[in-house]
Protein chains: 2
Amino acid sequence: MPVTLKELAARANVHPSTVSRVANNDPGLRIATTTRTRIEALLRETEYRPNGVARGLKLRTTLVLAVVIPDITNPFFAALFRGIEDGATPRGYQVLLCNTDGIPERQRAHLQSLAARRVDGVILASTFLKDPAVRWLRHQRTPYVLVNRFSDDGIDPFVGSDDVMGATLATQHLIGLGHVRIGHLAGQPTVSTGILRRKGYSAALAEAGIAADPELVVESGFIEEGGAQAMDRLLSLNDPPTAIFAVTDMTAVGAYGAARRRGLRIPEDLAIVGYNDIPLAGRLIPGLTTVHVPIHEFGSVAARMLLEQIETGVLTPRRVMFSPQLLVRGSSVAGADEHLAGRPAPRSPAE
Amino acid sequence: MPVTLKELAARANVHPSTVSRVANNDPGLRIATTTRTRIEALLRETEYRPNGVARGLKLRTTLVLAVVIPDITNPFFAALFRGIEDGATPRGYQVLLCNTDGIPERQRAHLQSLAARRVDGVILASTFLKDPAVRWLRHQRTPYVLVNRFSDDGIDPFVGSDDVMGATLATQHLIGLGHVRIGHLAGQPTVSTGILRRKGYSAALAEAGIAADPELVVESGFIEEGGAQAMDRLLSLNDPPTAIFAVTDMTAVGAYGAARRRGLRIPEDLAIVGYNDIPLAGRLIPGLTTVHVPIHEFGSVAARMLLEQIETGVLTPRRVMFSPQLLVRGSSVAGADEHLAGRPAPRSPAE
DNA sequence: TTGCGGTGAACAAACGATTGCCCTATGTTA
DNA sequence: TAACATAGGGCAATCGTTTGTTCACCGCAA
């Protein structure tokens, strides 16, 4: 239905290649002004846009990136995606979104389709440690960037934050408040963020001279459900924790629910600290104390790294690390939310 | 880098077309068993996948859909996207995501790129009334489906819910609770949901014999910020409302904030009802009474309608309408959340 | 020997765009 | 006047697949 070069050429009574050169503003093109204006008028009149598929075949580039994540309904990934798109769109790229629900088989399937489509690059935020999918990407020589989670040490382009440091900050905060029995809702040990945040938690305890109690660490995964279940386990202990460091804000949300069902007050009976500072964290009551990381920037920086890789053709395993910052709200310090009252409402999305 | 038909043909000592036919399992192909097995072995060994770009050029289909929405960080659209992807992926399609932030110019730009890419179809959830972009799609003969909002009456494929009915239910609920001064945080009159929900609100008031007070309707748009500002306006009235019907859950969230900053208790001092039942609604405290619509189904149904259109080639302006249902929580009826305690935590996304 | 039908594959033309190279007039210079 | 620039475009290959058509060969019957 849209017009082709051939048709335009026929209408302008020139060869298609000539139309192409005019359309692409070929600098080395010598052409009579009259011919040029005739062609240009035609281009405008028909709103000619080259067929992207044909162009992609010839130029071996599709101007499409892909983002592979567990689940877009998780606010963390939604914010990440916006960052990526905001980094990619100004350069003419559009973005395919693939949800895996954390299932390796789905990740594989998506990556294979993406490779067949010849997407120009992939941003992966659903990576496991020693992920075969990542090795496959390396082997395929598909440009890619890992975000938030990494796979093998230091050999992939990566943007994320210092998870050990973030977790240490969070735990130290709780220690500073006088807590001694501090539980940890831990991520899977198959994921870098899971391991490192647990490591930061342990390090902070050790540094403070608090003996590690294995009972206080329960694997919750990164989702709300798991957080609620793990929290239930912790609250059933003979000597339950008085404070919790949750590997993720969503996990902390699960903990809120579990605490609420038992009639516990936050933070008086149970202090909670999360990780990521998703938009939801500030809307909970009380507000969730959490480790802030610049999610949107993760995305935009990852996109720019990927584009650089695509356009220069060289894969530099550069790692961009942001320093996480502790953000104290009411879930750890009673009354910490008060100064928020009277402030303007935070920016937020359309319908 | 990936293997091509030509290379395989050379290695199997046959013509490329023969390899293609074997790979595609051409039913009418007559071939010696020995040749076939030789080729098949090669296909498996090299994990051959046809170049999607070349295939797209030849077959005039890309197996790519596009979703155009205001903002993926809004939970409504995140859920919608999941529905779409879940409907499209099993049929071999992948999905481009385009955020417009509600800016018509961005919508146009995205749609033009999409057309140049020859995506097989578009799902639009960021439509205005009498949207030129929609007319352009019609004119282009690009398969498309509108979701949630429609543009011109009844002439586009559409999936959504009965907004008048939903708004009526919400307002009647508040009337039934004894409220008389009921405010409305209204969407823009340039968007179908804005108009229709306001109409439902007015109809319910009229039916109950409550005089409409123009002061009680304030345009908030569909986002949190607007909700907070509009709520501030309403609360500054001499005779402020005791109940609010917000056009959207996100708007209601803004109203929560405004109420909280004034020290008002929900629902005792101010009852609030939202619309859409996004996941966040159930996590607010108190839980947000809202009009439930099957967001995920909106997406999966829209995807299936679009695929049907693509595969059959006929555009039937079929409209799928779901009936909205009122979901009562603590923001309108004190204590309505209590029965939730002890229930299992809701399902939710990964990290 | 001629003709015929069936096998098993090769041929070639698309699908649209890009781009290095070639060709033909019309001046220009020696 | 012959050689040569230069301007203004045309030619054709190429990207990787798909698919309608053609072709060579072999065995067999007449």
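The values are calculated or read from the model by the stated rules, or taken from the named source; none is laboratory data. Treat the numbers as computed from the prediction; the structure is a model and nothing was measured. Because the Cβ atoms are built from the backbone with ideal geometry, glycine has one as well, and the counts that use them run over all protein chains shown.
Remarks
- Any hit, region B:35-58, residues being of a type in the set (Ser, Thr, Tyr), farther than 30 Å from B:Ile103 by Cα and within 13 Å of DNA strand C (Cβ to nearest atom): yes
- Residues of region B:171-207 that are at positive phi and of a type in the set (Lys, Arg): none at all.
- Every condition in (1) part of a helix (DSSP H, G or I); (2) among the hydrophobic types (A, V, I, L, M, F, W, C); (3) closer than 16 Å to B:Ile295 by Cβ; (4) more than 10 Å from every other protein chain (Cβ to nearest Cβ) is met by B:Leu111 except one, and the failing one is (3).
Residue by residue, here is whether (1) in a helix (DSSP H, G or I); (2) modelled with pLDDT of 95 or more; (3) within 13 Å of another protein chain (Cβ to nearest Cβ) holds:
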site	(1), (2), (3)
A:Ala255	yes, yes, yes
A:Asp269	no, yes, no
A:Tyr275	no, yes, yes
A:Gly282	yes, no, yes
A:Thr316	no, no, no
A:Val320	no, yes, no
A:Arg347	no, no, yes
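- Residue ID - surrounded by the most Cβ atoms within 10 Å (Cβ to Cβ), chosen from residues in region B:114-147 that are outside any helix (DSSP H, G or I) and of a type in the set (Lys, Arg): B:Arg118
- Here no strands (runs of 3 or more DSSP E) wholly within region A:164-251 include at least 3 residues being free of Cβ contacts under 8 Å to residues at least 24 places away in the same chain and of a type in the set (D, E, K, R).
- All of (1) in contact (Cβ under 8 Å) with a residue 40 or more places away in the chain; (2) assigned to a loop (DSSP other than H, G, I, E, B) hold for B:Gly335 with one exception: (1).
- Some residue of region A:79-99 being surrounded by fewer than 19 Cβ atoms within 10 Å (Cβ to Cβ), free of Cβ contacts under 8 Å to residues at least 12 places away in the same chain and not β-branched (Val, Ile, Thr): yes
- When the helices (runs of 4 or more DSSP H) confined to region A:1-67 are screened for residues that are within 30 Å of A:Arg108 (Cβ to Cβ) and out of contact with any Asp or Glu (no Cβ under 6 Å at 6 or more places or on another chain), those reaching at least 3 such residues are found at A:52-59.
- Beta carbons closer than 9 Å, at least 6 apart along the sequence or on distinct chains, pair a first residue in region A:45-56 that is more than 8 Å from chain B (Cβ to nearest Cβ) with a second that is more than 8 Å from DNA strand C (Cβ to nearest atom) and assigned to a loop (DSSP other than H, G, I, E, B) for A:Arg55/A:Thr61; A:Arg55/A:Thr62; A:Arg55/A:Leu63.
- When region B:85-100 is filtered for residues that are facing another protein chain (nearest Cβ under 7 Å) and farther than 20 Å from A:Gly92 by Cβ, only B:Glu85 remains.
- A:Ala32 being facing chain B (nearest Cβ under 9 Å), farther than 25 Å from A:Thr312 by Cβ and within 12 Å of DNA strand D (Cβ to nearest atom): no
- Residue within region A:104-121 that is in contact with a His (Cβ under 8 Å, 6 or more places away or on another chain) and not hydrophobic (A, V, I, L, M, F, W, C) present: no
- Every condition in (1) near DNA strand D (Cβ under 7 Å from one of its atoms); (2) surrounded by fewer than 17 Cβ atoms within 10 Å (Cβ to Cβ); (3) farther than 30 Å from B:Tyr144 by Cβ is met by B:Glu7 except one, and the failing one is (1).
- Test: residue in region B:62-76 that is within 16 Å of DNA strand C (Cβ to nearest atom) and in contact (Cβ under 8 Å) with a residue 12 or more places away in the chain: yes
- With respect to the conditions (1) within 16 Å of DNA strand D (Cβ to nearest atom); (2) of a type outside the set (Phe, Trp, Tyr); (3) more than 20 Å from A:Arg117 (Cβ to Cβ); (4) within 8 Å of another protein chain (Cβ to nearest Cβ), B:Arg82 falls short on a single one, namely (1).
- Look at region B:2-30: where a residue is within 11 Å of DNA strand C (Cβ to nearest atom) and a partner is at pLDDT 95 or above and of a type in the set (Phe, Trp, Tyr), sitting 6+ places away or on another chain with Cβ atoms under 9 Å, you get B:Leu5/B:Tyr48; B:Val19/B:Tyr48.
- Boolean, A:Asp337 is over 22 Å from the mean Cα position of the chain (by Cα) and within 12 Å of chain B (Cβ to nearest Cβ): yes
- B:Thr73 modelled with pLDDT of 95 or more, surrounded by 20 or more Cβ atoms within 10 Å (Cβ to Cβ), touching an Asp or Glu at 6+ places or on another chain (Cβ under 7 Å) and assigned to a loop (DSSP other than H, G, I, E, B): no
- In region B:175-188 there is at least one residue that is under 21 Å from the mean Cα position of the chain (by Cα) and surrounded by fewer than 22 Cβ atoms within 10 Å (Cβ to Cβ).
- Residue match in region B:36-44 (condition: polar (S, T, N, Q), out of contact with any Ser or Thr (no Cβ under 9 Å at 6 or more places or on another chain) and within 7 Å of another protein chain (Cβ to nearest Cβ)): no
- In the set B:Ala66, B:Ala12, B:Ala78, only one residue is under 27 Å from A:Asn51 (Cα atoms) and of a type outside the set (S, T, N, Q); that residue is B:Ala66.
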